[in-house]
Each structure stands twice: as C-alpha cells, then as structure tokens.
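The structure under discussion is supplied below as structure tokens; questions concerning it will follow.
No lab work stands behind these numbers, since they all come straight from the coordinates. This one's a predicted model, so the numbers in the text were calculated from it and none came from an experiment. Glycine also receives a Cβ, built like all others from the backbone with ideal geometry; neighbour counts cover every protein chain displayed.
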Ligand code: AP5
Ligand code: MG
C-alpha cells in the first residue's frame, strides 16, 4: 500500500449496510466513498446514454455489464489515487471485475488493503430493504421479488469475489447484525489497523 493511504472494499449482500457504514467511515477516516450503484442511479437520474443503458438491469435487480462498471471505476481510481484513500462500495461484484480492479489499482500505483465483508442473514436483508422501499425512491426496493433477485444474484455471482481476496490474505468478515453504531465501531477498529 502507498504510505498513509487506505483502500478498502466494503462488501456484502444487498441491505448489509455497505452504504450506511461507508458514509460514516469516509467521514471518520477522511476517505473518498464510491458506490457504483449510486453512480449508476445518478446517471439514470440525469438521463445520460450510460444511464439509459443501465436502467433495465438495476430495476430488475440484475448486474450491469462488467465492462461499463469497470470503466466507471477505472476513471474514479485515476482521479483519486492521490487522496488519503478510498472506500469501494458495491464493487467489485464479479470475478471479472475483481481481476480488472487489481489491474487498475496496480496501474495507478495503489493497492487494496482489505475487503471487509458485512455478514447478515438473507431475511434481515429482505426486511431492511422492504422497510426502505416504503419510503425510498430506489426502483429496486419496491418489490420483494426484485429484492430477492438481488440477493440471489449476490449468492450466484458476487459471493465468490470474497474468495479472490481471501486467497490474497485480505478478507475480513464482520458481523453486520446489530445497531448502526455497533457495526460502525467494529469496522472502525478494523480500519485503524490498516492505517
Ligand atoms: P447497490 O446500490 O450497490 O445496491 P445493493 O448492493 O443491492 O445494496 P444496497 O445499497 O441496497 O444495500 P447496502 O449494503 O448499501 O445497505 P444500506 O446501507 O443501503 O447496487 C444496486 C444495483 O446497481 C445492482 O443491483 C446492479 O444493478 C447495479 N450495480 C451496482 N454495482 C454494480 C457492479 N459493481 N456491477 C454490476 N452492477 C452493479 O442499508 C440498507 C437499509 O438498511 C437502509 O434503509 C439502512 O438505513 C438500513 N440499515 C443499515 N444498517 C442497518 C442496521 N444496522 N440496522 C437496521 N437497519 C439498517
Ligand atoms: Mg448501497
């Protein structure tokens, strides 16, 4: 790792608390937060060509094409390699993305310090997302079917990415159950060790 910089992947199923915790951790440790899901939602809201090409995937709870997401992250890394560090939330989500990500980071002279996986039971995910769906404007929170599809896609396509980082000795599992504050303390303690 480049001295003084911390690059973390915050990993876990839909509803695991990645976004909630990433915002707080970014604030506490002075890191930059990128959520690929949020970048895609912003593109959709702005009506860009990129957004239009991704709209269908996100509303069905499927993954957007690897190439498009990798390009987005490559752009981000190139622009943020001099910052104190970054939290990658929702990326990488497939093995193809993970391998490309390793290449992108190396090319920019930075390195992933750790992947932190928030672990929660599927039913907790469903309950959290249904609850948010009552008031949020996220297209993928409205229906239980789409929520369950996102979780199924996570198990089928994404979970395996943890093994990629485990093989590099970089996987850290954290219990994602409990209050937002309790989980934040667990994560903060871990990130202190990366600094
Ligand atoms: P993305 O935006 O990444 O969504 P997701 O992974 O489905 O997960 P969420 O953002 O819903 O959950 P989270 O873990 O961030 O939890 P949160 O903190 O919000 O991706 C959306 C879509 O974009 C994908 O389906 C795909 O189409 C596309 N996409 C994105 N990245 C991609 C990629 N790399 N490749 C291809 N496609 C990609 O919390 C959830 C709720 O729970 C909130 O209401 C929160 O307030 C609540 N909550 C959080 N913590 C707690 C707690 N401890 N106790 C009680 N409630 C809690
Ligand atoms: Mg999120």
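Which residue pairs have Cβ atoms under 7 Å apart, sit 6 or more places apart or on different chains, and have a first residue in segment 6-27 that is over 21 Å from residue 155 (Cβ atoms) and a second that is near ligand 1 (Cβ under 7 Å from one of its atoms) and not in a helix (DSSP H, G or I)?
Short answer, once both residue conditions are applied: 22/35; 22/89.
Residues of segment 1-20 being surrounded by 20 or more Cβ atoms within 10 Å (Cβ to Cβ) and not in a loop (DSSP other than H, G, I, E, B), which ones?
6, 7, 8, 9, 10, 11, 12, 18 - these are the residues of segment 1-20 that are surrounded by 20 or more Cβ atoms within 10 Å (Cβ to Cβ) and not in a loop (DSSP other than H, G, I, E, B).
I need the full set of residues from segment 88-102 which are more than 11 Å from ligand 1 (Cβ to nearest atom) and either touching a helix residue (DSSP H, G or I) at 6+ places or on another chain (Cβ under 7 Å) or over 20 Å from residue 33 (Cα atoms) (or both), in order please.
95, 99
When you look at residue 30, is it touching a residue at least 40 places away in the same chain (Cβ under 8 Å), away from ligand 1 (no atom under 13 Å from the Cβ) and more than 21 Å from residue 170 (Cβ to Cβ), yes or no?
yes
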